Amino acid sequence: MKITRVRSRVVDMPLTGDFHPAWARGRNQTNLLLVVIEVETDAGITGIGAAHAGLEAAVAIERFVAPYFIGQDPTCIEPLAAVLRDAEILGPPLYCMEIPLWDILGKLAGVPVYKFWGGFSDRVTAYCATAEIRSPEQRVDDVHGLLADGYRAVKLRFHQPDPREDLKTVEAIRAAVGDRIAIMVDANQAGIEPGFGGHRPWGFQRAFEVALELERLGVVWLEEPLARHDYAGLARLRARLSRLKLAGGEDNHGLHEFKLLLDLDCYDILQPDVLLSEGIFQVRKISALAEAANREVAPHTWGNGIGLLANLHLAASIPNCPYFEFPHDPPSGFTLHTRDQMLRAPLTIDSDGMVRVPDAAGFGFELDEERIERYTVQRFG
Ligand SMILES: [Mg+2]
């Protein structure tokens, strides 16, 4: 089998209302930008993927990937993954380009990709990943709604100038619903969008004080409490905690850096993203390193429905994924419906609060072609 064509469409989709992600202070996100990628073969099988990016990724795919992919066997993926590592030296991360290759291989074999890799489970417990800063009263209302919808876990953002204000939200939720919902906290200290004022880095002392409070409140994990390369600070913080886990890694890169994060005891839970951190099969290797170190992996998934589904296959294939990030923050403009609007149906949770992996061959992407065409702004290939 040979790759005959690489097609990219830059798609600019609307959100349904205001959306103020905590990690980008002052920005109202009004759209969802992605690149829908198709890799065609002479066997008539087409692999699908998507970049959590815009025009810059489409240009880089055309320039740094397509010339090396066309004419190659899409089922020999390791040598093509090396092309993607090389491409990142010159342009934006293009690890998303490995997704269509596994989609082709899964379709050829007639099995879902997660089963191809051992199929640990056909479902993973979701945590509802919220993004906005809201009042404690509003978040208590939100959590009542999430519990009614079947969620068993929720992630909150800590971004206020004084984190004691953020802690009030956790206290209010605990007072209202007790232990009926697991709580995670993301401080996003490892990666703040540049260009927006008002971010105050926590530093070790603040991270430690917040962590002790979260431990007292029975929070599952604290995510990104420190800068992404502060390996020594993360290890020192982790060594001082007993029950609260530290999670992170969404802004770290590659097999070697994740090995470093494990070797230096920075995190209990690694959070690579199969679109951003390295290729999806390298992330499987990262998961194996974590397994050997008695650590867990909970992939970062924030972006679009195609990336979410690819991360879900990875999560369901490994034995050490405790929770799956499920971005959804109603009533803002970013919900599971806007997140997955490029698919014919959104991924949802079942009555046990779990996300099931589709049983179709490959990743099971079913594109809403009409909607993608309506919002396509540029084409390549
Ligand atoms: Mg995060």
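Compared with the direct C-alpha span, the chain from ALA360 to ALA293 gains 20.8 nm at full extension, assuming 0.36 nm per residue.
How much net charge surrounds PHE19 when only the other residues with a Cβ under 12 Å from the Cβ of PHE19 are counted, with Lys and Arg +1 and Asp and Glu -1? All intermediate terms of the calculation are to be shown ahead of the outcome.
Numbers: positive: ARG27, ARG339; negative: ASP18, GLU132, ASP329.
Cβ neighbours under 12 Å give a net charge of -1.
Placing R0 at 35 angstrom, the Cβ-Cβ distance between ASP368 and GLU78 gives a FRET efficiency of 0.60 after rounding to 0.05.
The distance separating the Cα centre of the range 42-120 from that of the range 312-374 comes to 20 Å.
Within the accessible area of the range 152-278, the carbon and sulfur atoms contribute 51%, probe 1.4 Å, all protein chains present.
Geometric descriptor of the range 116-356, per residue, is 123 Å³ (volume of the convex hull of the Cα atoms). Multiplying the residue separation of ARG216 and ASP122 by 0.36 nm and subtracting their alpha-carbon distance yields 30.5 nm. Look at the alpha carbon pairs under 8 Å that are at least 6 residues apart: their mean separation over the length of the chain gives a relative contact order of 22 percent. Here the range 291-359 has 49 percent of its accessible surface on carbon and sulfur atoms, given a 1.4 Å probe and all protein chains in place.
For the range 217-279, what mean projected area does the convex hull of the alpha carbons give, in nm²? Before the final figure, lay out the partial values.
On the way: hull surface 16.5 nm².
Seen from a random direction, the Cα hull of the range 217-279 projects 4.1 nm² on average.
Fully extending the segment from GLU62 to ARG180 would add 37.6 nm, taking 0.36 nm per residue of separation and subtracting the current Cα-Cα distance.
The GLU171 and ARG27 beta-carbon pair, evaluated with R₀ = 30 Å, returns a calculated FRET efficiency of approximately 0.60.
Per residue, the chain exposes an accessible area of 38 Å² to a 1.4 Å probe, with every protein chain left in place.
DSSP beta bridges confined to the range 116-356 are antiparallel in about 15 percent of cases. Entry note, the range 109-190: relative contact order of 33 percent, from Cα contacts under 8 Å with a spacing of 6+ residues. Listed by chain and number, the lysines placed with their C-alpha closer than 30 angstrom to that of LYS245 are LYS115, LYS155, LYS168, LYS259, LYS285; residues fewer than eight positions away on the same chain are left out.
The values are calculated or read from the model by the stated rules, or taken from the named source; none is laboratory data. Treat the numbers as computed from the prediction; the structure is a model and nothing was measured. Neighbour counts are summed over all protein chains in view; Cβ atoms, including those assigned to glycine, are modelled from backbone coordinates with ideal geometry. In case anyone asks, the SASA skips ligands and DNA or RNA and just uses the protein heavy atoms, side chains included. Shrake-Rupley method; radii C 1.70, N 1.55, O 1.52, S 1.80 Å.
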